[in-house]
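Everything below concerns the one structure shown next.
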Amino acid sequence: MAQLINIAARCEKIGLTRSYSSSVPIVKMFIDGQFVDSKSTEYTEVHDPATNKLICCTPKSTLTEMEDAVTSAKKAFSTWRHSSVLTRQTLMLRYQGLIREHSKDLAANLVQENGKTMADAEGDVLRGLQIIDMCAGIPNFLLGESMNNIATDMDTISYKVPLGVTGSICPFNFPAMVPLWTFPISIACGNATIVKPSERVPGASMILADLFSKAGAPPGLLNVIHGQREAVNFICDHPDIKAVSFVGSDQAGKYIYERSSARGKRVQCNNGAKNHCIVMPDANKNKSISQIVGAAFGAAGQRCMALSVAVFVGNSKHWITDIVEAAKRLNVNAGHVPSADFGPVISPQSKSRILELVESGVNDGAGLPLDGRAIKVPGYENGNFVGPTVITRVQPHMRCYKEEIFGPVLLCMEAGSLDEAIQLINNNPYGNGTAIFTTNGATARRFTELIEAGQIGINVPIPVPLPMFSFTGNKKSFFGDNNFYGKSGINFHTQTKTITQLWRAGDATDISTATTMPTMQ
Ligand code: NAD
């Protein structure tokens, strides 16, 4: 009960209400600058992954409510599109300050709804905040192109102009960072936005909406609706939503990409992953081992850039024993416990899926030198915990290799040479991230040249680019043309207008008519 009282205090602050039942709050929506109750009678329960206690319920927004959100966004857009770039910059600078000020509140919400550790949750907020930092530089990003005297007395200028209303569909694993990957950029570019957070972690988006409003955002620029398939379909189908951003699993990404594209929308989908690293025998052993362990098991392996497969070249395979020993030392506990290295996975269903995939590996003949399936965390016996797990002798045909596990499980494979390891990785359909551990520059360079994944780390296990670059996953891990954030993100959220103008003295007296194609000489 004590826990619910604490939650209630936080809920009140972020616009949650307790009207659903005597003790469980229902998450509000954020429409037209107001936190509003949904009239829906359908909800998704949100549980604390460390205890499985009910925290709150996410409503499935009704069609009328979602229409209200679009109407509000369209109205906001009609004014905002004409706002000065400096006005948008000022809004982002104010927002930046408020997020920084409230980053602990945001992180605490993430710990509770997602289960990640406090330190990891603060990282989630910080990586999102870095997008606001980027948006504070929006005047530079929106610079167009121009050419004086492209023909006699003629100039051409191109502007990056907004699209209208955009939509963003988010996953559970980065409740703050992923919404921040999209809506601030969209708005800084002059659009208005509808965000649909994961129904499993709605709180962070509500706090972000509250802070955006406090930063002075006009009503309707950012709207938050909730739900699952119906809300997704609504965003994909609505003719006034011009662009759709999605981050989540492959299945949903394929569905959303096809459905939105079929309606002529621009779409960017960041999907699932299977990130490999290569461990060369010349690598710095201790550093590589600690990097691999952190990247494989951090956030309980629930990062799209988690290292899920290590390919050992030659004698580096003997380091697997050290990796197992280092993994055994990790402290698995509830996210708010300060000594926790990682917390529970998001749901009992997710835990069952992970355990089943581990079992499938064993049945397919793989080794299991570290088995975290039976872990018990004292005081949190009902939580969705999976201990660090290492599977060896993995082969490409095994189900545990072919499917994304999205849990604290490291698969170990072996290769006879660098080129064999590269080929193995390139044969995998995913292309989110990859890394190599080596002290040899020529090896690193060959890897960089030949590897097909979109984000490459050289002695960097999770090479997620900062927003002066873009998040550049490829192959099955990304559908679309323009990646998230950076210059690609700006391109995604803008269209180009090109103006060709002729200001020639004496035009008023020149009445000649040309019917040929203008060659502008
Ligand atoms: P998910 O696909 O289950 O959910 C993501 C969003 O899609 C949610 O808002 C959900 O309501 C909606 N959704 C879910 N199933 C749907 C369906 N069948 N049809 C339409 N909409 C649907 O993903 P998740 O479990 O929340 O997140 C984990 C996944 O996201 C992992 O696969 C991970 O690799 C991926 N991810 C990728 C990146 C990246 O940048 N590539 C980043 C974060 C997460």
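The values are calculated or read from the model by the stated rules, or taken from the named source; none is laboratory data. Keep in mind that this is a model prediction, so the values were computed, not measured. Don't worry about glycine lacking a Cβ; one is built from the backbone with ideal geometry, like all the others, and counts go over all protein chains shown.
Worth pointing out:
- Of residues in segment 222-269 being in a strand (DSSP E or B), more than 8 Å from the ligand (Cβ to nearest atom) and of a type in the set (A, V, I, L, M, F, W, C), the one nearest to Thr62 (Cα to Cα): Val224
- So Ser186, is it assigned to a loop (DSSP other than H, G, I, E, B) and touching a strand residue (DSSP E or B) at 6+ places or on another chain (Cβ under 9 Å): no
- Screening Ile207 on (1) farther than 22 Å from Gln89 by Cβ; (2) within 16 Å of the ligand (Cβ to nearest atom); (3) surrounded by 19 or more Cβ atoms within 10 Å (Cβ to Cβ) shows it passes everything except condition (2).
- Members of segment 202-221 found to be over 24 Å from Ser260 (Cα atoms) and part of a loop (DSSP other than H, G, I, E, B), listed by number: Ala215, Gly216, Ala217, Pro218, Pro219
- Ser38 being within 20 Å of the chain's Cα centre (by Cα), among the hydroxyl-bearing types (Ser, Thr, Tyr), under 30 Å from Lys351 (Cβ atoms) and surrounded by 15 or more Cβ atoms within 10 Å (Cβ to Cβ): no
- Every residue from segment 76-132 that is charged (D, E, K, R) and part of a helix (DSSP H, G or I): Arg88, Arg94, Arg100, Glu101, Lys104, Asp105, Glu113, Asp120, Glu122, Asp124, Arg127
- Selected residue (only one of Ala415, Ala435 is modelled with pLDDT of 95 or more, under 30 Å from Asp364 (Cβ atoms) and touching a Cys at 6+ places or on another chain (Cβ under 6 Å)): Ala435
- Ile490 farther than 23 Å from Val247 by Cα, among the hydrophobic types (A, V, I, L, M, F, W, C) and at pLDDT 95 or above: no
- The one condition from (1) buried (at least 22 other Cβ atoms within 10 Å of the Cβ); (2) in contact with a Gly (Cβ under 9 Å, 6 or more places away or on another chain) that Ile462 does not meet is (1).
- Residue that is farthest from the chain's Cα centre (by Cα) [pool: residues in segment 359-415 that are polar (S, T, N, Q) and surrounded by fewer than 23 Cβ atoms within 10 Å (Cβ to Cβ)]: Asn363
- Of all residues in segment 309-336 being within 32 Å of the chain's Cα centre (by Cα) and free of Cβ contacts under 8 Å to residues at least 24 places away in the same chain, the one that is surrounded by the fewest Cβ atoms within 10 Å (Cβ to Cβ): Arg329
- Put simply, of Pro467, Pro463, Pro518 the only residue that is away from the ligand (no atom under 16 Å from the Cβ) and assigned to a loop (DSSP other than H, G, I, E, B) is Pro518.
- Close pairs from segment 172-193: first under 24 Å from Pro344 (Cα atoms), partner of a type in the set (Ser, Thr, Tyr), Cβ under 6 Å, at least 6 apart: Phe172/Ser198; Pro179/Ser205
- Filter result for Val195 (within 13 Å of the ligand (Cβ to nearest atom), surrounded by 24 or more Cβ atoms within 10 Å (Cβ to Cβ), outside any loop (DSSP other than H, G, I, E, B) and not acidic (Asp, Glu)): yes
- In segment 168-183, residue surrounded by the most Cβ atoms within 10 Å (Cβ to Cβ) [restricted to those that are assigned to a loop (DSSP other than H, G, I, E, B) and within 10 Å of the ligand (Cβ to nearest atom)]: Pro175
- Meets criteria (within 16 Å of the ligand (Cβ to nearest atom), in contact with a Pro (Cβ under 8 Å, 6 or more places away or on another chain) and in contact (Cβ under 8 Å) with a residue 40 or more places away in the chain) for Gly433: yes
- Which numbered condition Asn426 misses (of (1) within 29 Å of Asn114 (Cα to Cα); (2) out of contact with any Lys or Arg (no Cβ under 8 Å at 6 or more places or on another chain); (3) away from the ligand (no atom under 16 Å from the Cβ)): (1)
- Entry remark, segment 475-491: residues being under 20 Å from Pro179 (Cβ atoms), away from the ligand (no atom under 11 Å from the Cβ) and of a type outside the set (S, T, N, Q) number 4 in total.
- Met520 meets each of the listed conditions (1) modelled with pLDDT of 95 or more; (2) touching a strand residue (DSSP E or B) at 6+ places or on another chain (Cβ under 9 Å) apart from (1).
- Yes/no for Gly115 being under 25 Å from Pro465 (Cβ atoms) and small (Gly, Ala, Ser): no
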